Structures are given as structure tokens and as C-alpha cells.
Amino acid sequence: MIRCLPKVTLVSVAFQCFFISPLFAHRMWILPSSTVLSGNEAWVTFDAAVSNTLFVFEHRPLRLDGLAIVGPGGKRLAPQNAHTGQFRSSFDLRLETAGTYRISLVSSNVTASWKENGEAKRWRGAPEQMASNVPNQAQDLQVWRMSSRVETYVTLGKPTRDALAPAGSGLEILPETHPNDLAAGEEAAFVLLIDGRPAAGVELNVVEGGGRHIQRPFEQKHQSGVDGRVRVTFPSAGFYWLQAVAGGGVSGQNGVRATCVLVVEVLPQ
């Protein structure tokens with residue numbers, strides 16, 4: 001939690017392209033090599049990047065700090081062969097247990113700026129470190145708190161729902177329809193949550209990811225209801241990028257800005 005300080009201005013700002021409108025900004029994403037697999041075990045390779053064109057490596061890698069993998073039964077897993085290059089990061093995951101796996105990149109940061117004896121000061125770090133790094137009575141103190149979540153799901157064998165449990169922090173796009181059981185032309189339901197509670201009136205942007213070979217990718221906007229639910233019908237098979245952004249007044253904390261990205265594969269009927 002950000003401390004309540006006197007004479008503090010809390011501001012929501014764009015930071016490292018996390019919170020800029022998806023129409024004009026770079027987009028963050030994690031793309032799996034496969035989403036639905038069979039057999040006793042399997043391997044999946046994931047690419048993580050920030051790009052102008054969805055799922056094309058042409059801007060910069062998405063850092064793997066904050067990578068969290070939850071498998072069937074809620075088991076925490078570690079990636080293998082992690083690497084960050086010029087345009088993308090990649091890692092492998094060995095699926096040894098049947099069920100659904102949730103792959104997430106989670107970030108939470110505070111940026112503060114203030115004046116000290118007329119000199120401009122600036123600090124950025126984890127929220128829990130702010131108290132020991134920023135003076136309590138700092139002059140002209142401005143504080144930005146930003147959180148982001150980038151996710152995807154893969155399933156070995158029969159889909160399970162253990163890994164779909166809410167994380168309970170930040171903004172989440174929680175699939176109500178199983179994310180590895182989406183079909184073209186069929187309605188799918190998602191629930192937007194903020195700190196584990198329904199996020200009403202939040203816009204969900206849905207964009208088709210066809211790389212540079214689709215002249216006009218499908219794009220649609222939806223607004224969550226009072227229960228946080230959004231219903232989406234994907235027009236065709238392929239990978240889709242879903243993004244929700246919530247800011248200002250979220251969970252009663254003015255100046256908090258949160259974003260969540262979910263990449264799903266829609267299969268043919």
C-alpha cells in the first residue's frame with residue numbers, strides 16, 4: 001500500500017509503454033508454441049516481447065523478471081532454457097502432469113519524485129521499499145504506483161481449473177470459459193477482477209493477432225458489467241490479445257494504474 005502522506009499528488013502516467021492506449025502503443029505479450037497438447041508429457045516454448053505488430057519480434061524483449069508459472073493442483077514451476085535477446089525473451093516449460101498451466105509475468109512498481117534542498121530527486125522500486133527510500137515529508141512529492149500482468153494458458157490432456165484461481169492482487173482477466181477450450185463463433189465469458197473483486201465498468205480490448213499478413217485485424221471493445229463479466233465471440237480461429245486497463249480510484253487508491261494482458265488461442269469449430 002502507498003502511504004498516505006500530506007501534500008502528496010498521486011498521478012497515473014504511462015510508464016515503459018505498460019499503460020498507453022493499445023491503438024497507438026507497443027503491446028506486451030507472451031505467445032506459446034502450442035496451447036493444447038496430448039500424451040504423458042510435452043514441451044512448450046514461450047516467446048515474450050513488446051511490439052507494434054502483435055506476435056512479431058520487432059521492438060524489444062519483455063524481461064522475465066516476475067515470471068510465475070502455476071501448474072495443475074496449484075504447483076509452482078520453474079522455466080527452463082530462459083534467454084533474453086535483442087527482440088524477444090524465450091523460455092521452455094516441461095509439462096509432466098495432465099492439466100492446465102498458467103504462465104504470468106507480474107510487475108508492481110512505485111516511482112516517486114520530489115525536491116530536496118532545491119534539487120530534484122527520483123526513486124523507483126518495490127512498493128514495500130518506499131518508506132525507507134523516500135522522505136516522509138518530501139517537498140513536492142509525486143508518487144506513481146503501477147502494476148501489470150501478462151498471461152497465457154496451456155493444457156496437457158484434460159483441462160483443469162486449479163490454475164485459474166484468482167491471484168487476488170492487481171487487475172486480472174480471469175477466464176470463466178476455459179481458456180484452452182475456446183472455439184470460433186462461440187461465446188466465451190471472462191471476469192475482470194481488481195484485487196480479487198469484480199471490476200465494473202472496465203474496458204476490455206480484444207485484438208486478433210495475425211502478424212503483418214492481416215490487413216485489418218479484428219478488434220472489438222467490451223465494457224465489464226457490475227459483476228465484472230465480459231462476453232466475447234471470436235469470429236475466427238487464431239491467437240487473440242486481450243487487454244484491460246484500470247486507473248484512478250481503483251480499490252479506493254487514487255493514482256493506482258493497473259493493466260492486464262491475456263493471450264488466448266481460439267480453435268476452429
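Read-outs throughout are calculated quantities, based only on the coordinates presented, and are distinct from any laboratory measurement. If you're wondering where the values come from, they're calculated on a predicted model, not measured in any experiment. Cβ coordinates were reconstructed from backbone atoms using ideal geometry, including for glycine residues, and neighbour counts include every protein chain displayed.
Annotation: amide H of residue 202 within the under-5 Å range of 224, sequence separation 5 or more or interchain, hydrogens built in the peptide plane. Other residues lying with their Cβ under 15 Å from the Cβ of residue 80 contribute a combined charge of -2, Lys and Arg counting +1, Asp and Glu -1. Of interest is the spacing of the C-alpha centroids, which for the stretch 33-109 and the stretch 131-145 amounts to 35 Å. When exposed loop sites are taken as GluC sites (Glu not before Pro) in a DSSP loop with at most 15 other Cβ atoms within 10 Å, the longest stretch of the chain clear of them is 187-269.
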